[in-house]
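The values are calculated or read from the model by the stated rules, or taken from the named source; none is laboratory data. All of these numbers come straight from a predicted model, not from anything done at the bench. Don't worry about glycine lacking a Cβ; one is built from the backbone with ideal geometry, like all the others, and counts go over all protein chains shown. Note: areas computed on protein heavy atoms with side chains; ligands, DNA, RNA excluded. Shrake-Rupley method; radii C 1.70, N 1.55, O 1.52, S 1.80 Å.
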Amino acid sequence: MSDLKVDLTAPNGRKITLPIGIYINNEFVKGNGGEIESINPTDESVIAKVSAASADDVDAAVKAARQAFNDPSWRDLPGPDRGAIMFKWADLLEANRETLATLETWDNGKPYSVSYNEDLAEVISCLRYYAGWADKIHGQTIPTTPGMKFAYTLKQPIGVCGQIIPWNYPLAMAAWKLGPALACGNTVVLKPAEQTPLSILFAAQFISEAGFPPGVINIINGYGKEAGHALVSHLDVDKIAFTGSTATGKAIMKTASVNMKNITLETGGKSPLIVFEDCDLDQAAKWSQIGIMSNQGQICTATSRVLVQESILDKFVEKFQEAIKTTSKVGDPFADDTFQGPQVTRAQYERVLSYIEAGKSEGGKLLTGGEPHKNVGEGKGFFIEPTVFTDVTEEMKVYQEEIFGPFCVVVSFKTEEDAIRMANNTTYGLGSAIFTQNLERAHRVAEKIEAGMVWINSSQDSDIRVPFGGVKQSGIGRELGEAGLAAYSQTKAVHVNLGLKL
Ligand code: NAD
């Protein structure tokens with residue numbers, strides 16, 4: 001390690017010089033909160049040690065963001081110019097797409113094909129999508145008393161935004177939050193997850209080259225309890241946007257009340273996938289595999305409860321097992337044919353294994369999987385077999401709690417009413433999927449499901465133009481699309497008296 005950089009050779013042979021400081025005011029500096037060891041979940045080796053931010057470092061980052069917000073250089077920049085800088089950053093990330101995808105796969109464990117083809121594609125297009133919005137954010141004119149009075153609204157940025165993101169989609173979650181915040185003219189202090197600190201450091205190198213003024217984007221790797229807490233409790237932070245667990249989301253809500261911060265939360269899920277007897281069964285089985293096994297099951301919207309109409313249960317189970325057997329190839333995340341890599345950390349691996357034990361001890365029947373996967377990583381690494389339980393009842397932990405792994409339960413129902421009641425029998429309300437060929441039923445059920453998103457004859461669709469978020473304990477507010485802008489701007493009403501004399 002020298003000059004806050006380290007030279008690395010990735011498992012795919014790519015040579016990478018990685019900055020390892022925290023990024024404040026367009027410079028990498030050493031953090032004072034110790035180090036974060038980034039671990040390769042495939043073989044448990046240490047990839048790199050990077051700086052962690054202390055509470056004082058968080059304060060310095062917030063001061064930089066405040067200065068950049070008050071200094072008219074960012075918020076008062078004409079929208080097209082703000083957009084042009086964001087487009088330039090997206091171009092620079094695109095030019096470094098292989099390296100960024102390599103870093104994501106290396107410390108997260110997700111297949112390289114997913115990092116490159118899906119995550120990086122989304123990062124680049126999300127930044128471009130919001131860059132395009134930067135010159136289209138404006139208010140309205142309202143004729144209150146025609147001829148005498150009118151009012152107009154101004155869309156103004158919120159201020160300094162703290163953004164706290166998880167490890168399951170490191171760069172994509174950063175882009176979902178940075179895009180709308182920057183387009184609206186806010187400045188940002190972003191705290192990545194301590195499990196996946198690498199790719200965002202590489203991306204940060206291009207912030208000043210793209211033309212962002214110092215202090216507009218600050219990136220502070222750090223631990224949740226220290227750096228995360230310091231950001232949420234900071235009196236000069238105006239907004240917190242968070243994605244992660246429901247427990248941490250609730251703690252953040254409490255702490256953020258210190259100065260009544262604006263908050264948006266995207267938290268956990270236990271999303272149902274309902275298979276009606278009138279569906280295309282082959283498609284339902286294939287989408288059920290995608291819905292829970294993609295990204296190692298580490299997706300907040302993962303369809304982890306599969307509810308199947310009793311009359312087709314046996315046939316469905318057979319086809320679902322077959323879809324898992326043929327598609328869910330567990331292996332080295334850098335191998336071309338791998339569908340499922342390791343879980344992100346030992347903690348997550350052990351957490352999933354503990355739910356497998358809970359499923360067994362509560363009386364569930366293991367249909368497939370249920371063990372660490374031992375054929376890769378030479379005995380090391382956090383690999384788990386794709387796991388499905390049947391004979392599960394609604395009171396069981398495995399039916400109710402978010403597991404965040406390649407693990408789902410299959411439960412039967414009799415009628416449409418049962419299916420809706422069972423789907424809604426959860427504290428969560430993020431995603432949901434319905435398989436039926438009956439058009440009326442599809443829309444009737446979609447309307448009644450308590451969830452922020454519904455997929456009809458599909459699972460896990462997400463598009464930067466479409467609002468994303470949850471109801472109940474799955475979160476507050478929406479990201480992506482035009483709705484995502486609402487989370488980063490506030491409306492000021494200006495009343496004008498043109499001619500009413502007293
Ligand atoms: P977490 O919610 O604790 O961490 C998410 C982010 O919050 C990280 O950046 C972390 O540093 C930060 N954080 C933690 N405590 C904080 C605090 N007190 N104040 C401010 N920031 C804080 O999640 P985890 O421990 O990494 O994972 C545990 C479980 O959370 C998973 O098993 C899964 O069920 C869920 N999870 C959900 C998502 C999602 O996308 N909704 C993502 C990751 C994890």
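Here are a few things to note about the model shown:
- Odd one out for MET260 among (1) more than 30 Å from ILE158 (Cβ to Cβ); (2) of a type outside the set (Ser, Thr, Tyr); (3) away from the ligand (no atom under 16 Å from the Cβ): (1)
- Those helices (runs of 4 or more DSSP H) of the range 228-298 in which at least 1 residues are open to solvent by 10 Å² or more (accessible area, probe 1.4 Å) and of a type in the set (Ser, Thr, Tyr), considering only elements entirely within it, cover 229-233, 246-256.
- Residues of the range 446-457 satisfying the condition of being open to solvent by less than 70 Å² (accessible area, probe 1.4 Å) and in contact with a helix residue (DSSP H, G or I) (Cβ under 6 Å, 6 or more places away or on another chain): ILE449, VAL454, ILE456
- Residue count, the range 188-227 (criterion: surrounded by fewer than 24 Cβ atoms within 10 Å (Cβ to Cβ) and farther than 19 Å from ASP107 by Cα): 11
- Of all the listed residues (ALA210, ALA203, ALA193, ALA227), the sole one being more than 23 Å from GLY469 (Cβ to Cβ) and within 11 Å of the ligand (Cβ to nearest atom) is ALA227.
- When GLU371 is tested against (1) in contact (Cβ under 8 Å) with a residue 24 or more places away in the chain; (2) open to solvent by 60 Å² or more (accessible area, probe 1.4 Å); (3) in contact with a helix residue (DSSP H, G or I) (Cβ under 9 Å, 6 or more places away or on another chain), just one condition goes unmet, and that condition is (1).
- Residue within the range 122-133 that is within 16 Å of the ligand (Cβ to nearest atom), open to solvent by 10 Å² or more (accessible area, probe 1.4 Å) and touching a helix residue (DSSP H, G or I) at 6+ places or on another chain (Cβ under 7 Å) present: yes
- Scope the range 137-171; condition of a type in the set (Phe, Trp, Tyr) and within 16 Å of the ligand (Cβ to nearest atom); matching residues: TRP167, TYR169
- You will find that of VAL392, VAL411, VAL376, the residue that is of a type in the set (A, V, I, L, M, F, W, C), surrounded by 15 or more Cβ atoms within 10 Å (Cβ to Cβ) and modelled with pLDDT under 95 is VAL376 and no other.
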